[in-house]
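Scroll down for the structure; my scribbles are underneath it.
The values are calculated or read from the model by the stated rules, or taken from the named source; none is laboratory data. Owing to the predicted nature of the structure, the values given are computational and were not obtained by experimental measurement. All Cβ positions, even for glycine, are placed from backbone atoms using ideal geometry, and neighbour counts span all protein chains on display.
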Amino acid sequence: MPKINPPLTDTAIKALKPKDKIYKKSDGQNLFIFIEPGGRKFFALEYKSPLTLKMRRIALGNYPDLSLSAAREKRRELAAQILDGVDPLVSKRSGENTLNEIAAKWLDIKSANISPGYLKKQNLIFNKHVAPYLGDRPLEGIKAAEIIDVLKIIEKAGNLETIKRIFILLNQIFRYAVTYEIISHNIVADINFKYAFKAAKPKNFPTITDENEIRTLLDAVDGYSGDIKTKVALKLAIYTAARPFNIRAAQWDEFDLSAKIWTIKAGKMKMKEAFRLPLSDAVVKLLKDYVKICGSAGGYLFPSALAKSRPMSENTLNTALRRMGYGKDEIVSHGFRAMFSTIANEKRSEHGLHADIIERCLAHKDKDKVREAYNRAENLADMRRLMQWWAEFLDGLAV
């Protein structure tokens, strides 16, 4: 028969001496007292979680601050919770961890791998759309139906793209909480997004594709009488088809004008992968002329008027287009990418390059995951041919 240890007594506990390693003595019914090398003694309950079916340990308190009789009473209370299907360790942690607190911890970790602008947007959408409804609630008590109810409020307002962003963010927050055993289950993963919410229509940015209208746009940019930084930024955006953020946040150390290459770090890219874009002769000349005017080849190409340590405002380029007489339904700075894509695809017989090279120049990921896995080459030579063709096409319109 297995040996049954007698229950602990205060005399027996006081007689327990520290050893080189921590050890424990049983009081029975999974209640133990642990003795550390430094002399600290504390009670803990070991139990099988009704949620995960794994053995867990919850500390009850230090001896003699917590008496033997008080520890036994705590054991009885926790045993009753376990019989009811409650994991006391999860319950304890959830009472200390609200959605607001865990979201802040997750975004702090995430901040190392995303741009400051994107981090700001993540905080804004969480604080605006989630925090007022569920922010002060412990994670463990939040139900999937409540998540859906909050997202339905956004759906009614017609912000369908925002729903997807928040859903992804909440899923990340709950996965983080599961990883650190703050909660036992990610309830967001139980929600089938496709069947719970309306699908957002693909967002098409207004653009110009008629060659005569493109010529008029180029003339308007050439004649722009505002800040020289804005004028050059507009030209760089048109000739490179880069995302507006990458234009605004461009820094001189990203450009190798001798090699005619622009290297953007992963943290600045939408897909979080470093990107190299070949520069046409026209762009290299534009930047060489610009550095003579701005008088510096360090920091941001287009710093804010308020502080050189920050890039120009995200509204600057679109505001310049409005000043030139273009309405927001005619062209926006992001529309330069659509302009490049449309023309380059329509004139493939002229430049002779595959549609994949056009997508590569736009820093788009291949939707075919198998093909993407095998296609590791950057195709810089073909990308360079295409960007040079695009610059010459634009210069030809301006003649």
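Within region 5-20, if we keep just the residues that are without any contact (Cβ under 8 Å) to a residue 40 or more places away in the chain and in a loop (DSSP other than H, G, I, E, B), the residue that is surrounded by the most Cβ atoms within 10 Å (Cβ to Cβ) turns out to be Leu16.
Just checking, how many residues over region 49-59 are out of contact with any Leu (no Cβ under 6 Å at 6 or more places or on another chain), in contact (Cβ under 8 Å) with a residue 12 or more places away in the chain and closer than 18 Å to Gln29 by Cα? So that I can check it myself, show each step before the final result.
If we filter region 49-59 for residues that are out of contact with any Leu (no Cβ under 6 Å at 6 or more places or on another chain), which is where we start, we get 49-55, 57, 59.
Okay, now just the ones that are also in contact (Cβ under 8 Å) with a residue 12 or more places away in the chain, so 49-52, 57, 59.
From what is left, the residues that are closer than 18 Å to Gln29 by Cα are 49-50, 57, 59.
Selection size over region 49-59: 4.
Glu101 fulfils the conditions (1) within 30 Å of Lys128 (Cα to Cα); (2) loosely packed, with under 13 Cβ neighbours inside 10 Å except for a single criterion, (2). Of the residues making up region 173-187, those that are of a type outside the set (Val, Ile, Thr), free of Cβ contacts under 8 Å to residues at least 40 places away in the same chain and either touching a Ser or Thr at 6+ places or on another chain (Cβ under 7 Å) or part of a helix (DSSP H, G or I) (or both) are Phe174, Arg175.
Within region 249-274, restricting attention to residues that are touching a Gly at 6+ places or on another chain (Cβ under 9 Å) and in a helix (DSSP H, G or I), the residue that is surrounded by the most Cβ atoms within 10 Å (Cβ to Cβ) is Trp252.
Condition first: touching an Asp or Glu at 6+ places or on another chain (Cβ under 7 Å), within 27 Å of Gly85 (Cβ to Cβ) and surrounded by 18 or more Cβ atoms within 10 Å (Cβ to Cβ). Can you find one or more residues in region 154-172 that meet it? Looking through region 154-172, none of the residues is touching an Asp or Glu at 6+ places or on another chain (Cβ under 7 Å), within 27 Å of Gly85 (Cβ to Cβ) and surrounded by 18 or more Cβ atoms within 10 Å (Cβ to Cβ).
Among the helices (runs of 4 or more DSSP H) confined to region 51-153, the ones with at least 2 residues that are more than 30 Å from Ala12 (Cβ to Cβ) and either in contact with a Lys or Arg (Cβ under 6 Å, 6 or more places away or on another chain) or at pLDDT 85 or above (or both) are located at 99-110, 116-129, 131-134.
Scanning region 199-231 for residues that are of a type in the set (Lys, Arg) and in the same structural domain as Pro303 (by TED's automatic domain parsing), we see that the one that is nearest to Ser313 (Cα to Cα) is Lys229.
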